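Input: a single structure, listed below in structure tokens.
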Amino acid sequence: MADLVVTIDGPAGSGKSTVARLLAERLGATFLDTGAMYRAVTLAAVRDGVDLANEERVLQVVREHRFDFEAGAGKLVVRIDGQDVSEPIRDPDLTAKVRHIACAGRVREQLVAMQRAFASRHAKIVTEGRDQGTVAFPDAKAKFYLTADPAERARRRAAELQAKGAAADLEEIRRAIESRDKSDENRAVGPLKPAQDAVILDTTGLSVQEVVERIYAKVQGQAEPATSKPSRGVEPAEVKERRHEAVQVPRSPAAWYWVARLMCWVFSVICFRYRAYGRENLPREGAFVLACNHQSFLDPVFCGIAVKRQVTYMARDTLFKNWFFGPLITSVNAIPISRDKPEIAVMRLVIDRLREGAAVCLFPEGTRTQDGRIAAFKPGFGLLCRRSKAAVVPVLVEGAFEAWPRHKKLFRPFQPIVVQFGKPLDPKQVADMTNEQLAEKVTQTLREMQNEVRRKQGRQPYEYEAKSEA
């Protein structure tokens with residue numbers, strides 16, 4: 001068995017999967033996604049044409065096939081008879097059928113054995129599910145049970161669906177969650193309930209990072225002797241990490257974000273001749289960075305209203321000092337960052353949000369253009385992209401310089417504004433580049449896009465050197 005086993009149980013929508021994955025990264029542990037195991041058995045049974053309600057036949061499927069589970073980068077790599085099925089098992093239609101496997105007692109026993117075998121191959125694991133602390137690992141020293149108000153869990157699930165471009169009926173989702181809770185709590189095998197020695201944590205109103213921090217602190221307190229003291233003059237790594245993680249920026253409530261987006265859309269359409277192109281290039285799910293050129297104060301608005309997902313923005317810290325504007329931009333997911341010396345805490349916060357699958361808007365030029373031209377991007381943003389394994393989408397804003405140049409106090413309305421989303425660079429492409437190569441690539445791409453737009457408008461293209469200044 002692993003030296004350290006951390007179990008995280010809880011109902012659907014409590015945030016346990018995301019919390020477990022991030023906690024595992026924080027602890028340097030292996031993440032065990034038990035749901036992937038249940039999905040794998042379900043997929044094998046469906047492919048064999050087996051009636052999922054027939055427990056004996058499903059048990060036969062488990063015995064006839066070889067299931068391999070290996071730790072990957074932030075996820076469990078699943079293979080059936082040597083074939084990688086890590087993606088097929090995430091199909092929503094398949095997920096809806098997993099409940100049959102979850103209620104089959106003898107099948108669950110086989111899966112629990114697989115979970116324990118997985119744990120025996122790793123020094124530290126963080127595992128999540130509905131019976132990890134009560135059935136799978138009853139001797140684990142660190143057990144947690146996450147819960148949240150059904151309305152809050154329904155809101156989270158609806159936000160996930162909306163982020164993927166799917167329709168979401170909040171009331172219908174809430175009823176489904178309450179029905180699932182009742183079924184899980186009353187099933188005969190492995191019912192949903194907290195272990196007697198589990199720490200129960202209500203996540204209502206807490207961000208994912210706040211939950212991770214609370215669990216991390218408790219796990220560290222249990223894992224380290226109370227008498228251990230750091231050497232004089234040396235700050236332990238975990239203390240440094242906690243200090244760096246002190247930055248917390250509240251997330252925008254979903255309803256307010258979409259209301260604000262609508263108001264900004266109306267403003268942009270009425271006050272400017274606003275057009276957005278290439279939105280089909282935006283990933284429908286998963287993390288991505290919008291790498292945008294910077295022509296005016298209005299660029300975040302012009303970029304964000306074209307994206308059908310909530311976007312997190314990085315903005316100059318001095319903008320947050322205004323008594324009105326600061327709280328306003330904070331309410332729509334803006335994070336303050338120093339232009340002169342970016343803080344490690346802020347970088348970690350942005351990376352964490354990307355690892356959760358967020359969309360983040362950056363302006364790697366660092367400041368607004370002086371003449372409308374695109375300056376060479378600063379290479380630092382590449383580190384965020386690689387560490388979070390995020391795709392990078394080049395975003396061109398053209399016309400905003402004429403609408404509100406940096407030397408003017410007020411914007412000029414009725415200027416044509418074009419926002420163009422370029423082809424994304426997938427995480428593998430980004431991983432193969434240095435920071436400088438990525439900055440060079442995106443800079444050159446945006447300059448070409450800009451001059452193409454200007455030609456179509458009958459305007460003179462800008463003259464750029466053959467290579468970026470980066």
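The values are calculated or read from the model by the stated rules, or taken from the named source; none is laboratory data. All of these numbers come straight from a predicted model, not from anything done at the bench. We place every Cβ from the backbone using ideal geometry, glycine too, and count neighbours over all the protein chains shown.
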Q.
List the residue pairs whose Cβ atoms are under 6 Å apart, where the first residue sits in the range 8-22 and is in the same structural domain as Leu76 (by TED's automatic domain parsing), the second is among the basic types (Lys, Arg), and the two are 6 or more positions apart or on different chains.
A. Ile8/Lys16; Asp9/Arg130; Gly10/Lys16; Ala12/Arg180; Gly13/Arg153; Gly13/Arg156; Gly13/Arg157
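To keep it simple, each residue is scored yes or no on (1) part of a helix (DSSP H, G or I); (2) closer than 29 Å to Ile215 by Cα.
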residue	(1), (2)
Arg106	yes, no
Thr134	yes, yes
Asp139	no, yes
Leu161	yes, yes
(Q) I'd like to check something: does the range 32-45 contain any residue that is exposed (fewer than 15 other Cβ atoms within 10 Å of the Cβ), assigned by TED's automatic domain parsing to the domain that holds Pro11 and over 19 Å from Ile8 (Cβ atoms)? (A) no
(Q) Among the residues of the range 86-101, are any touching a residue at least 24 places away in the same chain (Cβ under 8 Å), touching a strand residue (DSSP E or B) at 6+ places or on another chain (Cβ under 9 Å) and of a type in the set (A, V, I, L, M, F, W, C)? (A) yes
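What do you reckon, is Thr367 within 24 Å of Arg406 (Cα to Cα), of a type in the set (Val, Ile, Thr) and either within 20 Å of the chain's Cα centre (by Cα) or modelled with pLDDT under 90 (or both)?
Details: within 24 Å of Arg406 (Cα to Cα): yes; of a type in the set (Val, Ile, Thr): yes; either within 20 Å of the chain's Cα centre (by Cα) or modelled with pLDDT under 90 (or both): no.
Answer is no for this residue.
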Q.
For the range 93-103, check the following and say yes or no: at least one residue is of a type outside the set (Val, Ile, Thr), more than 16 Å from Ser17 (Cβ to Cβ), assigned by TED's automatic domain parsing to the domain that holds Arg180 and at pLDDT 90 or above.
A. no
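Return yes or no: is Gly10 surrounded by fewer than 19 Cβ atoms within 10 Å (Cβ to Cβ), at positive phi, at pLDDT below 90 and not polar (S, T, N, Q)?
Details: surrounded by fewer than 19 Cβ atoms within 10 Å (Cβ to Cβ): no; at positive phi: yes; at pLDDT below 90: yes; not polar (S, T, N, Q): yes.
Against the criterion (surrounded by fewer than 19 Cβ atoms within 10 Å (Cβ to Cβ), at positive phi, at pLDDT below 90 and not polar (S, T, N, Q)), Gly10 does not qualify.
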(Q) Can you pull out every residue in the range 412-461 that is hydroxyl-bearing (Ser, Thr, Tyr) and modelled with pLDDT of 95 or more? (A) Thr443, Thr445
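Could you name every one of the helices (runs of 4 or more DSSP H) located completely within the range 163-264 that has at least 3 residues being assigned by TED's automatic domain parsing to the domain that holds Arg21 and either more than 25 Å from Ile335 (Cα to Cα) or modelled with pLDDT of 70 or more (or both)? It would help to see each step written out before you state the result.
Details: elements: 170-186, 208-223, 237-244.
Hits in the range 163-264: 170-186, 208-223.
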